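Peer 1: For reference, the structure I am asking about is given below.
The values are calculated or read from the model by the stated rules, or taken from the named source; none is laboratory data. None of these values were measured; they are calculated from a predicted model. Counting neighbours? That spans all protein chains shown, and the Cβs are built from the backbone with ideal geometry, glycine included.
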Amino acid sequence: MEHSVPLQSETNLESFRYDNKIVMLFIKATVIWGIIGMLVGLTIAFQIYIPALNFGIPWLTFSHIRPLHTNGAIFAFVGNGIFFGVYYSLQRLCKTRMYSDTLGLIHFWGWQLIIVLAVVTIPLGITTGKEYAELEWPIDILITLIWVVFGINMMMTIIKRRERHMYVAIWFYIATFVTVAVLHIINSVELPVSLLKSYPVYAGVQDALVQWWYGHNAVAFFLTTPYLGLMYYFLPKAAERPIYSYKLSIIHFWALIFIYIWAGPHHLLFSSLPDWAQSLGTVFSIMLLAPSWGGMFNGLLTLRGAWDKVREDPVLKFLVVAITAYGMATFEGPMLAIKSVNAISHFTDWTIAHVHVGVLGWNGFLTFGILYWIVPKLFRTNLWSKKLANAHFWIGFLGIIIYVVPLYWAGITQSLMWKQFTSDGILQYANFLETVTQIIPMYIIRSVGGTLYFTGAVLMGVNLYKTMRGGSFLAEEEASAPALAKSYREPSGAIKHRILEAKPIPFLIAALIVILIGSVVEIVPMFLIKTNVSTIAAVKPYTPLELTGRDIYVAEGCYTCHSQLIRPFRSETMRYGDYAKSGEFVYDHPFQWGSKRTGPDLEREGGRFPNSWHYFHLDDPQSMSPGSIMPRFKWLLVDDADLSILPAKINAMITLGVPYPQNYSNVALTDYNTQANTIVADLKNSGIIVQPQKKIIALIAYLQRLGTDIKVTKPAPK
Amino acid sequence: MFKQILENIWTFELLGIISLIIFFGMFVLIFVYVIKIDKKFIDYASSLPFEKNNFE
């Protein structure tokens with residue numbers, strides 16, 4: 001590609017070497033963690049309809065490893081995918097080696113350590129209970145440090161570059177770095193109680209807003225913006241033609257990062273979040289369609305005149321499907337943010353289908369395409385088997401279809417069943433379980449789709465391994481470029497925008513300001529204006545036993561399948577009781593509204609069933625609800641609750657503003673035992689002998705407390 | 001005082017108008033910004049992923 005415009009006059013050519021070793025390390029991590037993350041996903045896809053597949057092991061239970069799957073897919077698979085792509089493209093776009101090999105290695109090993117710590121802690125129930133932010137406070141600090149190391153290495157590389165202009169991919173990388181830092185730090189403000197336990201400083205509806213501002217933007221700035229940066233670099237490379245419209249990419253970038261940050265509240269529609277915040281979430285989500293589709297068209301149109309290549313080249317096949325999946329997911333997202341659609345989709349498998357179009361299609365296929373392009377290049381050879389790569393493409397593509405279609409079916413079916421009334425005006429499917437057993441065939445088909453997708457990824461692992469074995473690795477790649485002139489004047493007819501786009505630090509600050517606008521407008525009023533969280537006099541702090549039970553509820557991952565948020569629909573208030581009020585959650589650190597109802601809502605579970613029912617149900621759900629797909633939690637009957645940190649927990653709650661009496665931590669244990677003994681005595685009347693210190697007693701106390709503060713009438717049975 | 005101002009303006013009617021203005025304002029700004037870019041510069045910038053993009 002030749003151009004004739006002299007934008008700068010550099011003549012002194014400098015030689016340097018690109019570091020491919022760090023790229024290769026992240027590539028290996030991407031493939032290995034990708035396969036492991038998918039395997040965990042596959043395990044839970046089977047466990048959801050065969051709960052006994054946990055083999056009675058607590059840490060292998062669905063509710064323990066589902067968060068491991070989500071964290072693994074996002075931070076281990078896509079995370080390492082981001083890093084290998086950034087380390088490869090950034091060096092070439094900046095015409096320089098990465099700033100520091102050492103920082104690169106600290107970043108690599110630090111990130112792998114974080115993943116290993118997640119693999120150990122999350123299944124063991126060491127969790128904050130906040131989705132995609134489950135890691136406890138020491139790991140949160142480590143994430144911050146390692147992220148800063150990555151940021152320094154990246155920004156210093158950009159600063160010492162030999163190319164005046166920062167290509168659009170770099171903008172996406174910078175926005176990713178700064179926004180993820182802001183999101184992670186603000187959402188992870190927590191008060192440690194012990195080395196492995198903390199409480200978020202936010203409670204209830206405020207915690208929900210911060211969490212979903214984080215959660216949604218983890219999708220935006222971890223799964224989307226960095227991958228768009230990769231698309232803008234690797235798609236032109238693979239197609240051997242420049243991006244269709246660079247101007248469109250500029251609009252895509254600024255509009256996307258500005259609008260994305262506002263959209264979080266669409267995860268909380270019909271909740272007790274104030275209406276203004278919900279509406280902002282909806283409005284900005286719909287706006288998102290414009291920049292998202294601008295980006296999708298920019299990607300697809302880059303291939304104009306090259307579609308013949310797409311037929312032949314597995315790399316382009318993967319990239320085309322990835323970009324199409326991006327377009328589909330970003331069309332569906334705004335639709336799901338419309339309240340009337342959300343009323344049907346929320347809490348169902350529709351959401352699971354939606355995110356898998358994104359992660360399997362967009363992130364997965366973009367990663368696979370780039371891997372098939374980059375590995376032969378780094379090993380100076382051809383791909384071991386193009387045929388196998390094509391087979392991977394079709395197996396993976398079919399896998400996605402067979403994964404998502406049944407879940408769309410399941411989600412809509414279940415939601416309509418939840419809302420179905422008889423002609424007499426009562427719920428047609430009053431027993432929640434009926435709506436679950438109805439969709440089990442869909443779960444079975446989904447697991448077939450997942451198996452196909454996983455198989456494809458394994459085939460890729462083999463193909464890449466064979467390619468590596470057959471080539472010779474180019475660890476240090478010779479390159480040369482003229483040094484940037486120290487003094488630089490814009491050419492005549494100055495291009496003003498380059499003032500920003502040629503200066504990384506002002507650019508970073510500009511991106512920070514743009515993403516802070518939406519964040520501040522949504523979050524600050526939630527904390528400053530009292531009317532946003534009305535208080536209810538009848539709502540009292542949890543007793544020490546209930547608080548302990550709540551921590552067990554969080555640790556067991558109950559929130560992965562049960563919501564605690566009754567929406568203001570007749571179908572929900574009839575099934576579960578009065579709709580949720582923000583004042584009910586003011587002592588909930590963290591909030592536990594959940595995002596998926598594989599089981600029924602529990603917001604007003606208290607008093608619905610006797611203690612003995614909960615005892616038997618937790619021991620063996622099928623004994624109380626034949627056909628239930630809830631796993632057995634029989635270890636709760638034999639394990640003791642950890643009471644050593646109970647006083648510290650009470651003190652932490654007092655620090656966070658929960659109105660316990662002064663020095664209550666001194667008597668908390670006495671109150672704990674008194675309440676526990678009451679439940680033990682009640683169970684004894686039902687012929688159950690259990691000791692008061694067992695976890696199940698605390699959990700029953702918590703479940704029986706749920707929603708009772710303002711409960712007025714007993715609703716119909718679920 | 002800041003809290004009072006917030007309490008008073010935080011009604012959805014106003015928020016709706018503000019978000020509409022922000023949305024169009026943002027797009028208008030970006031469009032103006034993009035339109036003013038020199039075509040030759042765009043050709044240069046879009047060629048950056050390729051090796052031969054120097055301007056000697």
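Peer 1: Do you know which residues across region A:576-585 are part of a loop (DSSP other than H, G, I, E, B) and buried (at least 20 other Cβ atoms within 10 Å of the Cβ)?
Peer 2: Hits for region A:576-585 are A:Gly577, A:Ala580.
Peer 1: What number of residues in region A:618-659 are more than 16 Å from A:Ala52 (Cβ to Cβ) and in a helix (DSSP H, G or I)?
Peer 2: Counting residues in region A:618-659 that are more than 16 Å from A:Ala52 (Cβ to Cβ) and in a helix (DSSP H, G or I) gives 13.
Peer 1: Of A:Val320, A:Val310, which residue is away from chain B (no Cβ under 14 Å), without any contact (Cβ under 8 Å) to a residue 24 or more places away in the chain and within 16 Å of A:Ile243 (Cβ to Cβ)?
Peer 2: A:Val320
Peer 1: For the list (1) aromatic (Phe, Trp, Tyr); (2) within 14 Å of chain B (Cβ to nearest Cβ); (3) outside any helix (DSSP H, G or I), I need the number of the one condition that A:Tyr132 fails.
Peer 2: If we test A:Tyr132 against (1) aromatic (Phe, Trp, Tyr); (2) within 14 Å of chain B (Cβ to nearest Cβ); (3) outside any helix (DSSP H, G or I), just (2) comes out false.
Peer 1: Related question: Give the residues of region A:103-150 that are over 21 Å from A:Asn217 (Cα atoms) and of a type in the set (Ser, Thr, Tyr), sorted by residue number.
Peer 2: A:Thr121
Peer 1: Can you tell me which residue in region A:280-307 is farthest from the other protein chains (Cβ to nearest Cβ), limited to those that are out of contact with any Leu (no Cβ under 8 Å at 6 or more places or on another chain) and farther than 30 Å from A:Met526 by Cα?
Peer 2: That would be A:Trp307.
Matching residues to (1) within 14 Å of another protein chain (Cβ to nearest Cβ); (2) within 20 Å of the chain's Cα centre (by Cα); (3) assigned to a loop (DSSP other than H, G, I, E, B):
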residue: A:Met526; (1), (2), (3): yes, no, no
residue: A:Lys540; (1), (2), (3): no, no, yes
residue: A:Leu547; (1), (2), (3): no, no, no
residue: A:Ser571; (1), (2), (3): no, no, no
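Peer 1: Of the residues in region A:143-171, how many are of a type in the set (Gly, Ala, Ser) and either within 14 Å of chain B (Cβ to nearest Cβ) or buried (at least 24 other Cβ atoms within 10 Å of the Cβ) (or both)?
Peer 2: Here the count works out to 1.
Peer 1: Considering only residues that are part of a helix (DSSP H, G or I), at the interface with chain B (Cβ under 9 Å from one of its Cβ atoms) and in contact with a Gly (Cβ under 8 Å, 6 or more places away or on another chain), look in region A:236-279 and name the one that is nearest to A:Trp373 (Cα to Cα).
Peer 2: Filtering first and then ranking leaves A:Ser249.
Peer 1: Return a yes/no flag: does region B:22-30 have any residue that is more than 9 Å from chain A (Cβ to nearest Cβ), more than 30 Å from A:Glu240 (Cα to Cα), at pLDDT below 80 and within 24 Å of the chain's Cα centre (by Cα).
Peer 2: For region B:22-30, residues more than 9 Å from chain A (Cβ to nearest Cβ), more than 30 Å from A:Glu240 (Cα to Cα), at pLDDT below 80 and within 24 Å of the chain's Cα centre (by Cα): absent.
Peer 1: Report the residue count in region A:544-590 for those that are within 22 Å of A:Ser63 (Cα to Cα) and small (Gly, Ala, Ser).
Peer 2: 4
Peer 1: Hey, can you tell me all the residues within region A:264-315 that are more than 20 Å from A:Val210 (Cα to Cα), in contact with a His (Cβ under 6 Å, 6 or more places away or on another chain) and small (Gly, Ala, Ser)?
Peer 2: Those that are more than 20 Å from A:Val210 (Cα to Cα), in contact with a His (Cβ under 6 Å, 6 or more places away or on another chain) and small (Gly, Ala, Ser): A:Gly294, A:Gly295.
Peer 1: List the number of the failed condition for A:Trp254; all other conditions in (1) surrounded by 24 or more Cβ atoms within 10 Å (Cβ to Cβ); (2) more than 30 Å from A:Phe569 (Cα to Cα); (3) of a type in the set (Phe, Trp, Tyr); (4) more than 19 Å from the chain's Cα centre (by Cα) hold.
Peer 2: Tallying (1) surrounded by 24 or more Cβ atoms within 10 Å (Cβ to Cβ); (2) more than 30 Å from A:Phe569 (Cα to Cα); (3) of a type in the set (Phe, Trp, Tyr); (4) more than 19 Å from the chain's Cα centre (by Cα), A:Trp254 fails exactly one: (1).
Peer 1: Further question: Quick one: is A:Trp394 crowded, with 17+ Cβ neighbours inside 10 Å, of a type outside the set (Ser, Thr, Tyr) and either in contact with a Pro (Cβ under 8 Å, 6 or more places away or on another chain) or in a helix (DSSP H, G or I) (or both)?
Peer 2: Considered against the rule, which asks whether it is crowded, with 17+ Cβ neighbours inside 10 Å, of a type outside the set (Ser, Thr, Tyr) and either in contact with a Pro (Cβ under 8 Å, 6 or more places away or on another chain) or in a helix (DSSP H, G or I) (or both), A:Trp394 comes out as no.
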